[in-house]
1. I want to check the label-to-label distance for Leu19 and Tyr43. Put each point 7 Å from Cα in the C-beta direction and report it in nm to one decimal.
2. Using a Förster distance of 35 angstrom, determine the FRET efficiency expected from the C-beta separation of Ile33 and Gln54, and round it to 0.05.
Amino acid sequence: MLTYCIPLALVQYYPFLYLIGKSSDKRLLILPILAQLFVLPVYLVWKIGLNNYQSTGS
């Protein structure tokens, strides 16, 4: 939920509200940057997990 749903909503829905004129809050435009705060650490943890993965050997 925190990895995919929240960043996706921040990147797509709320900035779009500002762009089509449904909201006048300019802070909505910085939400894609805020979403990167979720995405970048998750990506780094994913890469660390891939590097340390060892198969079962079967």
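FYI, it's all coordinate maths here, none of it is from the lab. This structure is a prediction, so every number in the text was calculated from the model and none was measured. Note that we place each Cβ from the backbone using ideal geometry, even for glycine, and neighbour counts take in every protein chain shown.
1. The modelled label-to-label distance comes out at 2.0 nm.
2. Values: r = 36 Å, r/R0 = 1.04.
FRET efficiency, Ile33 to Gln54: 0.45.
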